[in-house]
Amino acid sequence: MAWPEAPRPAGVAAGDWRDWGWQMRHRIRSARDLEAFAEPSEDERRAIDALAERFRFVITPYYASLMDRTDPDCPIRRQVVPRSAELDDPHGVADPLDEVAHSPVKNVVRVYRDRIAFCVNNECALYCRYCLRKRMVGEPEWAMKQRELGAALDWIRATPEIRDVLLTGGDPLVFSDDKLGWLLGELRAIPHVEIVRLGTRLPVTLPFRVTDSLCRLLERYHPIWVNTHFNHPRELTAESAEACDLLTRAGIPVGNQSVLLRGVNDDVETMKALCEGLVRMRVRPYYCYQAQLLEGTEHFRVPIERGLEIFRALRGRTSGFAIPLYVLDTPHGKVPLAEPHLRGREGDHVVVEAWNGQLWRELNPTRSRG
Ligand code: SF4
């Protein structure tokens, strides 16, 4: 079955459209720019202005072309266009996983003994309104200067337990090939670093970044794994399929980490279509995250019981390997939302037990506002 192509706007040459540099230079940054792809609602216009200083609003033309022109509840729009609901979240916090406290050196997050998330870049191709790292992505103070990257690499060299390095951010594939090659070369030269993973949303939001030359570069540093981030079947296009195909042909296993988001993928049919589509693209549905207790995102969160119902309904109705593990990330690490880790509900909180026996109480009212 062929995947649909993203609609290229009239007047944009095919060569420009498929050039990732062109896409980055022509990103949407205002309600006015957005009008080329969608009719912004009054609420969206107000929120774009009101949130200008709080969390960056930037979208690639490619991703914007997937939006419904008239429906503000379109699942693509909901992910990337501000809404005034972001201004009203009494419970959300800036750093729900306490990542700053888990950082031995700037932008290295260590929750487990043997692996780290290394936030090499504060930039993304676009900014998802529910982003876990909204406190840092797009914020200049979190950019990594060359000497800061060097200090983080020194820390990894001096920490022999680290065998698994996740390059994330932000998005590491926003780096040029040269910069990425330099970083991978430095990591590969550290004997105890066994695998390098890349966490990137570019196969979804800017698939033209996945070029032959990028794949030839990545191949030189195997074992490389990629985890990407599709949330809705409408994101499964000919262009994203081509990007995933290039990666898998380069010998890179590609997994998907989605986030369970109200109004985007919180129903059985949507989740089933997403997971089955990913498998057809040879992308393994790996995790589906419960949306974090993050500032400005109450309108995205669903009761954990709802997530459990969705994944229970998929069991037996699709291939087992098409069903991702539904997890809650906590300051103690990821916890599967399933027995025996799920300990039950205490009023508005759900209690889970992490791998190390630590109990965590997640605020998760069964009736959300917004
Ligand atoms: S691409 Fe990832 S890191 Fe970037 S804004 Fe979206 S969720 Fe956050």
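The values are calculated or read from the model by the stated rules, or taken from the named source; none is laboratory data. Every value quoted in this text rests on a predicted model; they were computed, and no experiment measured them. Counting neighbours? That spans all protein chains shown, and the Cβs are built from the backbone with ideal geometry, glycine included.
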Inset, instruction - Please work out if H332 is within 17 Å of G307 (Cα to Cα), out of contact with any Cys (no Cβ under 8 Å at 6 or more places or on another chain) and not hydrophobic (A, V, I, L, M, F, W, C). - result: no
Legend entry - Out of E295, E339, E309, sole residue that is under 30 Å from P82 (Cβ atoms) and either modelled with pLDDT under 95 or touching a Ser or Thr at 6+ places or on another chain (Cβ under 7 Å) (or both): E295
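For region 68-100, which residues satisfy the criterion of being assigned to a helix (DSSP H, G or I), in contact (Cβ under 8 Å) with a residue 60 or more places away in the chain and either farther than 30 Å from A38 by Cα or not hydrophobic (A, V, I, L, M, F, W, C) (or both)? I'd like the intermediate steps shown before the answer.
So the first thing to find is which residues in region 68-100 are assigned to a helix (DSSP H, G or I), and the list is 75-80, 84-87, 100.
Checking which are in contact (Cβ under 8 Å) with a residue 60 or more places away in the chain leaves us with 75-76, 78-79, 85-87.
Correct list: P75, R78, Q79, E86.
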Inset, instruction - Have a look at T205, T248, T200, T228 and point out the one that is farther than 17 Å from R115 by Cβ, of a type in the set (V, I, T) and surrounded by fewer than 18 Cβ atoms within 10 Å (Cβ to Cβ). - result: T248
Inset, instruction - All but one of (1) more than 21 Å from T297 (Cβ to Cβ); (2) touching a strand residue (DSSP E or B) at 6+ places or on another chain (Cβ under 9 Å); (3) of a type outside the set (A, V, I, L, M) hold for G357, so report the exception by its number. - result: (2)
Inset, instruction - Mind listing whichever residues of region 146-176 are more than 16 Å from the ligand (Cβ to nearest atom), outside any strand (DSSP E or B) and among the aliphatic types (A, V, I, L, M)? - result: L149, A151, A152, L153, I156, A158, I162
Inset, instruction - Using the structure shown, decide if A143 is without any contact (Cβ under 8 Å) to a residue 24 or more places away in the chain, within 16 Å of the ligand (Cβ to nearest atom) and farther than 24 Å from E235 by Cβ. - result: yes
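Would you tally the residues in region 158-217 being of a type outside the set (D, E, K, R) and closer than 26 Å to I59 by Cβ?
Keep residues of region 158-217 that are of a type outside the set (D, E, K, R), which gives 158-160, 162, 165-170, 172-176, 180-185, 187, 189-193, 195-196, 198-200, 202-208, 210-211, 213-215, 217.
Narrowing further to those that are closer than 26 Å to I59 by Cβ: 166-170, 172-176, 180, 198-200, 202-208, 210-211, 213-215.
Residues flagged as of a type outside the set (D, E, K, R) and closer than 26 Å to I59 by Cβ within region 158-217 amount to 26.
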Inset, instruction - Within region 198-229, work out how many residues are outside any helix (DSSP H, G or I) and in contact with a helix residue (DSSP H, G or I) (Cβ under 7 Å, 6 or more places away or on another chain). - result: 9
Inset, instruction - Output the number of residues of region 319-364 satisfying the condition of being under 15 Å from C288 (Cβ atoms) and of a type in the set (D, E). - result: 1
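For region 230-246, name all the residues that are without any contact (Cβ under 8 Å) to a residue 60 or more places away in the chain and out of contact with any Cys (no Cβ under 8 Å at 6 or more places or on another chain).
Residues satisfying the conditions are F230, P233, E242, A243, C244, D245.
Within region 31-67, work out how many residues are assigned to a loop (DSSP other than H, G, I, E, B), in contact with a helix residue (DSSP H, G or I) (Cβ under 7 Å, 6 or more places away or on another chain) and surrounded by fewer than 19 Cβ atoms within 10 Å (Cβ to Cβ).
Here is the first cut: in region 31-67, the ones assigned to a loop (DSSP other than H, G, I, E, B) are 35-41, 51-58, 60, 65-67.
If we keep only those that are in contact with a helix residue (DSSP H, G or I) (Cβ under 7 Å, 6 or more places away or on another chain) too, we end up with 37-38, 40, 51, 57, 60, 66-67.
Within this subset, residues satisfying the condition of being surrounded by fewer than 19 Cβ atoms within 10 Å (Cβ to Cβ) are 51.
Of the residues in region 31-67, 1 are assigned to a loop (DSSP other than H, G, I, E, B), in contact with a helix residue (DSSP H, G or I) (Cβ under 7 Å, 6 or more places away or on another chain) and surrounded by fewer than 19 Cβ atoms within 10 Å (Cβ to Cβ).
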Legend entry - Lone unmet requirement of (1) touching a residue at least 12 places away in the same chain (Cβ under 8 Å); (2) away from the ligand (no atom under 16 Å from the Cβ) for K179: (1)
Legend entry - Per-region count, region 124-140, residues at pLDDT 95 or above and more than 8 Å from the ligand (Cβ to nearest atom): 1
Inset, instruction - Just give me the residues in region 61-95 being within 18 Å of K134 (Cα to Cα) and hydroxyl-bearing (S, T, Y), in sequence order. - result: S84
Legend entry - Residue in region 79-100 that is farthest from the chain's Cα centre (by Cα), counting only those that are surrounded by fewer than 18 Cβ atoms within 10 Å (Cβ to Cβ) and of a type in the set (D, E, K, R): D88
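Of everything in region 101-134 that's part of a loop (DSSP other than H, G, I, E, B) and of a type in the set (V, I, T), which residue is farthest from L51 (Cα to Cα)?
Taking region 101-134 as the starting set, the residues that turn out to be part of a loop (DSSP other than H, G, I, E, B) are 103-104, 106-107, 110-114, 120-134.
Going one step further and asking which of them are of a type in the set (V, I, T), we end up with 111, 120.
Details: V111: 31, V120: 25 Å.
Top of the filtered list is V111.
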Legend entry - Matching residues, region 230-263, being within 16 Å of the ligand (Cβ to nearest atom), touching a strand residue (DSSP E or B) at 6+ places or on another chain (Cβ under 9 Å), farther than 18 Å from D177 by Cα and not in a strand (DSSP E or B): F230, N231, H232, S240
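Output the residues belonging to region 293-311 that are out of contact with any His (no Cβ under 8 Å at 6 or more places or on another chain) and over 17 Å from S258 (Cβ atoms).
Filtering region 293-311 down to residues out of contact with any His (no Cβ under 8 Å at 6 or more places or on another chain) leaves 294-297, 299-311.
Passing the criteria: E295, G296, H299, P303, E305.
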